[in-house]
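Take a look at the structure set out below.
The values are calculated or read from the model by the stated rules, or taken from the named source; none is laboratory data. Computed from a predicted structure; not experimentally measured. As a convention, Cβ positions derive from the backbone with ideal geometry for all residues, glycine included, and neighbour counts pool all protein chains shown. We work out accessible area using only protein heavy atoms, side chains counted, and drop any ligands, DNA or RNA first. Shrake-Rupley method; radii C 1.70, N 1.55, O 1.52, S 1.80 Å.
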Amino acid sequence: MTCVFCSIISGASDAHRVYEDGAVVAFLDSRPLFPGHVLVVPRHHVETLTDLPEAETGPFFRRVRAAARAVERGMGADGTFVAANNRVSQSVPHFHVHVVPRRRKDGLRGFFWPRTRYASAAEAREVADRLRAAFSESADGA
């Protein structure tokens, strides 16, 4: 099965490109939350953020930062929402970052899912301990 984003990158499929260089292609989302909703994708195929080579992460996110600035300026937005799904809810299995123009009282409420609290400080500590251990393992093996 062909990746739709790779097809856009190669020029085989149309998209409204707003920026491209050797590292990324940025184009309008075909189903935007608001006009000006841009997707920034690595030029080569990687499925998730964790598949993006470490040396490319900084350059990629510099382009995402530039896209956020351009979306704010170009759309006269008050700010932007910048987000990426990693496997779950990732509609196209090619890593991409959404840059969405935001305006006060635009109807979006923070994240798109309900937020909760930890049941107790003990539960929060246990979760933090698990994550610290996972970070340590990542640092050792990455």
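Rounding to the nearest 10 and keeping the result within 0 to 90°, find how far the Cα-based axis of helix 54-75 lies from the longest principal axis of the chain. Approximately 60 degrees, to the nearest 10.
Seen against the Cα atoms of the chain and their longest principal axis, helix 121-141 is set at about 60 degrees.
Close amide H contacts of Val18 (hydrogens built in the peptide plane, cut-off under 5 Å, sequence separation of 5 or more or a different chain): Ala26, Phe27, Leu28.
Taking 0.36 nm per residue of sequence separation and removing the Cα-Cα distance, the Ala128/Thr116 pair yields an extension gain of 2.7 nm. Protection proxy ranking of 95-102, 118-125, by the mean of other Cβ atoms within 10 Å over each peptide's residues and highest first, is 95-102, 118-125. Once mean projected area of the Cα convex hull in nm² is calculated for the structure shown, the corresponding label among [x] 10.1; [y] 10.8; [z] 8.3 turns out to be [y]. For Gln90 and Thr48, the difference between the fully extended length at 0.36 nm per residue and the C-alpha to C-alpha distance is 14.2 nm. Rolling a 1.4 Å probe over the protein heavy atoms gives segment 1-120 an accessible area of 66 Å² per residue.
Taking only the Cα atoms of segment 64-107, the ratio Rg/Rh comes out at 1.05, with Rh defined as the Kirkwood radius.
Average projection, convex hull of the Cα set of segment 1-60: 4.7 square nanometres. For the chain, the carbon plus sulfur part of the accessible surface works out to 54%, probe radius 1.4 Å. The mean of 1/r over all pairs of different alpha-carbon atoms in segment 87-136, once inverted, gives a Kirkwood hydrodynamic radius of 14.8 Å. Within the shell of other residues whose beta carbon sits under 10 angstrom from the beta carbon of Glu20, the net charge comes to +2, with Lys and Arg scored +1 and Asp and Glu -1.
Rounded to the nearest 20, the size of the Cβ-charge dipole of the chain about its Cα centre is 760 debye, with Lys and Arg at +1 and Asp and Glu at -1. In the neighborhood of Pro93, defined by Cβ-to-Cβ distances under 14 Å, what is the net charge if each Lys or Arg adds +1 and each Asp or Glu adds -1? Combined, the nearby Lys, Arg, Asp and Glu give -1.
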